[in-house]
Amino acid sequence: MMQAQNLWTTLAEQRQSHTRLIVSTVEARAAKRLKARDDEIERIRIMNWALEERLRNLFMEAQMWRDIAQSNEATANVLRGDLQRALDSQAVRGGGSGDGQEDDAESCCWGENQVPLCAEEEVGTPAVEERPATAVGRCKGCREDAAVVLLLPCRHLCVCAPCAAAAQACPACGSAKNGSVCINFS
Ligand SMILES: [Zn+2]
Ligand SMILES: [Zn+2]
């Protein structure tokens, strides 16, 4: 009887330790999985943060480009007005037409302070009279077509449309191009 009791006890103990082993294995596995999940969450959190940072940067960049575009547009509008006035005043003075000289637009020398007109700057000098009103210079790029595109920011009217599109820098002064305005001379 005593032996049977012992056997039962041993069996029960064995079963118990077996169960403990299984439980601890499962627990260890679960803990590992949990840890992996935590790591994943942390990784995603960091990634999110980086993406948000990037988004912020992109937003700021977009803002900056918008500002630049706006200021370029404003510059273009000012130039358009200046040019119109310059052409008007030249038309009043010289009247005539004919082919021009490349230097025409440049020698008008539109100052940094946006004082644009040769009419204003060169009052009393014969320079303007010597040049025909609607003179269009020759392109300084290909030296064949008429120079009808104003380059920004230097404002040299010195290239034809294809050359303006291809140019990285102004062929007259070498400053880097950041925009262009096609001038309508009619
Ligand atoms: Zn050209
Ligand atoms: Zn230039």
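Checked against the criterion of being open to solvent by less than 80 Å² (accessible area, probe 1.4 Å) and closer than 30 Å to residue 154 by Cα, the candidates 36, 12, 74 yield just one match: 74. For the range 157-164, state whether one or more residues are part of a loop (DSSP other than H, G, I, E, B) and modelled with pLDDT under 90. No, the range 157-164 has no match at all. The single condition among (1) surrounded by fewer than 17 Cβ atoms within 10 Å (Cβ to Cβ); (2) more than 13 Å from ligand 1 (Cβ to nearest atom) that residue 152 does not meet is (1). Inside the range 169-186, residues that are open to solvent by 60 Å² or more (accessible area, probe 1.4 Å), more than 12 Å from ligand 2 (Cβ to nearest atom) and closer than 17 Å to residue 72 by Cβ make up a count of 1. State whether one or more residues within the range 128-147 are small (Gly, Ala, Ser), loosely packed, with under 13 Cβ neighbours inside 10 Å, outside any loop (DSSP other than H, G, I, E, B) and modelled with pLDDT of 85 or more. No. Does any residue of the range 156-163 turn out to be within 15 Å of ligand 2 (Cβ to nearest atom) and either surrounded by fewer than 18 Cβ atoms within 10 Å (Cβ to Cβ) or of a type in the set (S, T, N, Q) (or both)? The answer is no, given that none of the residues of the range 156-163 is within 15 Å of ligand 2 (Cβ to nearest atom) and either surrounded by fewer than 18 Cβ atoms within 10 Å (Cβ to Cβ) or of a type in the set (S, T, N, Q) (or both).
The values are calculated or read from the model by the stated rules, or taken from the named source; none is laboratory data. Computed from a predicted structure; not experimentally measured. A quick note on method: Cβ atoms are made from the backbone with ideal geometry, for glycine too, and the neighbour counts reach across all protein chains shown. Just the protein is used for accessible areas: all its heavy atoms, side chains included, with ligands, DNA and RNA removed. Shrake-Rupley method; radii C 1.70, N 1.55, O 1.52, S 1.80 Å.
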